[in-house]
Structure formats: C-alpha cells, structure tokens
Amino acid sequence: MAYIDGFVAAVPTANREAFRRHAEAAAAVFRENGALQVVECWGDDVPEGEITSFPMAVKRRDDETVIFSWVLWPSRAVRDEGMKTVMADPRVRADVNPMPFDGKRVIFGGFDVLVEA
C-alpha cells in the first residue's frame, strides 16, 4: 500500500515565489527517485489555535505563511530507497537549492495509508 511523507513549515510570506521554485526543483528529484506525486500547498485558511494548530506547531511569525506538503510513494520500501538517493542528490544541497525558510521549524513524518477513497 502507498506511503506518505508529510511536511508542515512556516515560510516567510515574501518568499512565496522562492519557495515555489525550491519546491519544483525538489519535486523533480523526488519523482526521479520513485515518488508518485509531490504536492506543495500554500496556507490560505490556517487558523490560530488555543491549544494546538499548524501555526503554533511551526512557531509561525506574523510575516510567515504555513505550508503543508506531502510526497506520495508506492510503498515504504520504495520511499526508504528513494529518500537515500534524494538526500544524496546535489540538486537538493543547501548551496544549490537553499530552503527559503527556517528548516529547524519543519515538522515531518512518514505515514502508512489506512484509507484511500
């Protein structure tokens, strides 16, 4: 069954276009290494919470926007092999394709798909 890597981050709102370029370049590398789909979403309706929320989780500042992303893989095994190759690819090195946001505040994880409708 499919496997998903999910990501949430805070990106400076002024860096929207730089983020899009960064994401497109990285998406190509993911796809070349087995990913079926890469989706990058720019926050549009992401409310502040009182106990938990996306903005709180990534310590979003007033001049930042929350992004929500995922990479769809055919399986965990394909993801594990593909991710090794992705991380070794020079096109995703910080000096070649710098992240236009604070990578220390990214939330990420891998997930087994339970329901697909």
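The values are calculated or read from the model by the stated rules, or taken from the named source; none is laboratory data. A quick note: this is a predicted structure, and the numbers were derived from the prediction, not measured. FYI the Cβ positions are ideal-geometry reconstructions off the backbone, even for glycines, and counts take in every protein chain you see.
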Subset of the range 34-81 [surrounded by 14 or more Cβ atoms within 10 Å (Cβ to Cβ) and either modelled with pLDDT under 95 or over 21 Å from Phe111 (Cβ atoms) (or both)] = Trp42, Pro55, Arg60, Glu64, Thr65
remark   = Going through the range 104-117 in order, the residues found to be touching a residue at least 24 places away in the same chain (Cβ under 8 Å) and exposed (fewer than 15 other Cβ atoms within 10 Å of the Cβ) are Ile107, Phe108, Gly109, Gly110, Phe111, Asp112, Val113, Glu116
task = Output the qualifying pairs, or none if there are none: Cβ atoms under 6 angstrom, residues six or more apart or on different chains, first residue in the range 79-99 and on the phi > 0 side of the Ramachandran plot, second residue outside any helix (DSSP H, G or I).
result = none
